[in-house]
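Structure first, then comments.
The values are calculated or read from the model by the stated rules, or taken from the named source; none is laboratory data. Remember, it's a predicted structure, so these values are computed and weren't measured experimentally. Note: ideal-geometry Cβ built from the backbone for every residue, glycine included; neighbour counts use all protein chains shown.
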C-alpha cells in the first residue's frame, strides 16, 4: 500500500505536508532540530513564500499558543512583554498597546487584511522581517528565545544576526516607551497577500531620534541618519535625505525610486516626531 503523504494532490500538484504537534516548547525545539524543519504558527507567511519558491517542506512543527508565556500581553518593571503567538489583531485591540504605543493599534489595522491579521502572529512577523520589525528595531526590543541549550534573552538585532534554525521565539519585551513620540509609515498594499515594500519608523525617546526601516531591502537601523539628526557635527555637510539614500543603497536597497520615497517619508516623520510639528 502506498503512503498517501508521498502522493501528489491532484489539485495543488504537491505532496502532503506532515504536521508535527509537540506537547511542549522543548519538544518543538527537539523536533525542529531533528528533522531540520521550520516552525508554523499562523502560517500566513509560509503560504506565499513557498508558493513563490515552489519548494514546500515535507514536515512542519506546529506551535501551541496555550504554552505558558507564548500568548498575551503584560507589563512590569521591564516594560511591555508580548507573547510571540499573540495574533496581530489581538495586539491591535489590546488596551496596553494603546497605553504604550498609541500609533501602533491604528498601524496594525493596515497590516494585510482582517483574515491575515486574525491568523498571523507578532512573533512570526518579527522573525521574517515583517511590518513590526522596524518598530521593534527602533525601540531596542529584547527577545526571549528557547533552543537546545536552554533559554536566553537578548536584543532583537543580535538575535537576528546569530539565530540558529531551531531557535524558538517565545516572546519579546518593549521598553517602557510611554511618553515617547513615535510615528510609522508604510508603503505597500493592504489587501495583497504579499510583503510590504517598506515600513519606516521614527522614534524620539525624549533625548535622541531613532530610525529604522524594513521591507524589500531588509531590516535596517538607520544609524548614519540618526547620527546626522542627533549630532550633525559628526557628519559631512548635506541634507538628511542624502544621508538616508547613501545608507539604504549601501545596505542593499537598490531600487532608486523606493529610496526616493523613503527620503520623503523620513522628512515627514521627522517633522512629526523630532520637530514636533
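When restricted to residues that are surrounded by 15 or more Cβ atoms within 10 Å (Cβ to Cβ) and modelled with pLDDT of 90 or more, the stretch 5-25 contains 3. Each residue in the stretch 89-117 was checked for being out of contact with any helix residue (DSSP H, G or I) (no Cβ under 9 Å at 6 or more places or on another chain), surrounded by 20 or more Cβ atoms within 10 Å (Cβ to Cβ) and outside any helix (DSSP H, G or I), and 0 of them qualify. Residue count for the stretch 146-169 satisfying the condition of being closer than 16 Å to residue 78 by Cα and in contact (Cβ under 8 Å) with a residue 24 or more places away in the chain: 1. The listed residues are 85, 135, and the only one of them that is part of a loop (DSSP other than H, G, I, E, B), buried (at least 18 other Cβ atoms within 10 Å of the Cβ), touching a strand residue (DSSP E or B) at 6+ places or on another chain (Cβ under 9 Å) and touching a residue at least 24 places away in the same chain (Cβ under 8 Å) turns out to be 85.
Is there a residue in the stretch 118-130 that is assigned by TED's automatic domain parsing to the domain that holds residue 160, buried (at least 18 other Cβ atoms within 10 Å of the Cβ) and more than 17 Å from residue 156 (Cβ to Cβ)? Looking for residues that are assigned by TED's automatic domain parsing to the domain that holds residue 160, buried (at least 18 other Cβ atoms within 10 Å of the Cβ) and more than 17 Å from residue 156 (Cβ to Cβ), one finds at least one in the stretch 118-130, hence yes. The set of residues from the stretch 40-76 being modelled with pLDDT under 95 and either assigned to a loop (DSSP other than H, G, I, E, B) or under 14 Å from residue 146 (Cα atoms) (or both) comprises 41, 42, 43, 44, 45, 54, 55, 56, 57, 58.
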